[in-house]
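What follows is a set of notes on a single structure, which appears directly below.
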Amino acid sequence: MAEATQAPDEASGYALLGAAEGLRTLVDRFYDLMELEPAYAGIRALHPGSLEGSRDKLFWFLSGWLGGPDLYQQRFGHPRLRARHLPYAIGIAERDQWLACMAQAMAECGVDAALAERLAAAFFNTADWMRNRGG
Ligand code: HEM
């Protein structure tokens, strides 16, 4: 029943972004912007000197999170994402920088506006849940 009534636009975010290639392009743009844009300097400073490992981990995680292959889980088991972010002080400013950086990356990568809106709402929920300090 449920399947029969599903709208065709219920395709996974992973497929709609262009599978591994499209997702990797988006993640790379996200970290390029974090490196380049003064507006994201606050969250850049929380990351390691080299972003290479961060690029891989976010790509592996988002692959599964968006409905594609569960590459992160295959390597590391359950993501425990909130626990893994506890070493970094994340408040509203950090959350909003992360979301703005991702929104800019999606726009620059030409992600369809309706898809970008849908993903932004999902990113908001996850990023907001990661907050571990006030302000
Ligand atoms: C809310 C603002 C956020 C900040 C400031 C932040 C910051 C960080 C930092 C500093 C790291 C460590 C980087 C490294 O180990 O290379 C990290 C790791 C990670 N972040 Fe975030 N993050 C945020 C939100 C998110 C969101 C919304 C997602 C997913 C949708 C995400 C997914 C990940 C993943 C998968 C890792 C790797 C975890 C690991 O295996 O250690 N982060 N993040």
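The values are calculated or read from the model by the stated rules, or taken from the named source; none is laboratory data. Source: prediction; values computed, not measured. Note: ideal-geometry Cβ built from the backbone for every residue, glycine included; neighbour counts use all protein chains shown. For accessibility, only protein heavy atoms count, side chains too; no ligands or nucleic acids. Shrake-Rupley method; radii C 1.70, N 1.55, O 1.52, S 1.80 Å.
Scan ARG75, ARG24, ARG82, ARG29 and give me the residue that is in contact with a Cys (Cβ under 8 Å, 6 or more places away or on another chain), assigned to a helix (DSSP H, G or I), open to solvent by 50 Å² or more (accessible area, probe 1.4 Å) and not β-branched (Val, Ile, Thr). Before the answer, list the steps.
On the way: ARG75 fails: in contact with a Cys (Cβ under 8 Å, 6 or more places away or on another chain); ARG24 fails: in contact with a Cys (Cβ under 8 Å, 6 or more places away or on another chain); ARG82 fails: in contact with a Cys (Cβ under 8 Å, 6 or more places away or on another chain).
On inspection, the qualifying residue turns out to be ARG29.
Being of a type in the set (A, V, I, L, M) and farther than 18 Å from GLY13 by Cα narrows it down to one of LEU62, LEU51, so name that one.
Numbers: LEU62 fails: farther than 18 Å from GLY13 by Cα.
Every option except LEU51 fails the conditions.
Within segment 98-116, identify whether any single residue is part of a helix (DSSP H, G or I) and more than 22 Å from ARG55 (Cβ to Cβ), and answer yes or no.
Keep residues of segment 98-116 that are part of a helix (DSSP H, G or I), which gives 98-108, 113-116.
Those left that are additionally more than 22 Å from ARG55 (Cβ to Cβ): 113-114.
Checking segment 98-116: at least one residue is part of a helix (DSSP H, G or I) and more than 22 Å from ARG55 (Cβ to Cβ).
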Original post:
Quick one: what pairs do we get from segment 98-118, first residue touching a residue at least 60 places away in the same chain (Cβ under 8 Å) and farther than 20 Å from TRP129 by Cα, second open to solvent by 60 Å² or more (accessible area, probe 1.4 Å) and outside any helix (DSSP H, G or I), C-beta under 8 Å, 6+ apart or different chains?
Top reply: GLN104/GLU37
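Quick test for you: out of LEU58, LEU33, LEU46, pick the one residue that is closer than 20 Å to GLN97 by Cα and more than 10 Å from the ligand (Cβ to nearest atom). Write out each step before concluding.
Working: LEU58 fails: more than 10 Å from the ligand (Cβ to nearest atom); LEU46 fails: more than 10 Å from the ligand (Cβ to nearest atom).
Step by step, each of LEU58, LEU33, LEU46 is checked, and only LEU33 is closer than 20 Å to GLN97 by Cα and more than 10 Å from the ligand (Cβ to nearest atom).
Does segment 113-135 hold any residues that are surrounded by fewer than 12 Cβ atoms within 10 Å (Cβ to Cβ) and not hydrophobic (A, V, I, L, M, F, W, C), and which are they?
Initially, segment 113-135 is screened for residues surrounded by fewer than 12 Cβ atoms within 10 Å (Cβ to Cβ), giving 113-114, 121, 125, 133-135.
Passing the criteria: ASN125, ARG133, GLY134, GLY135.
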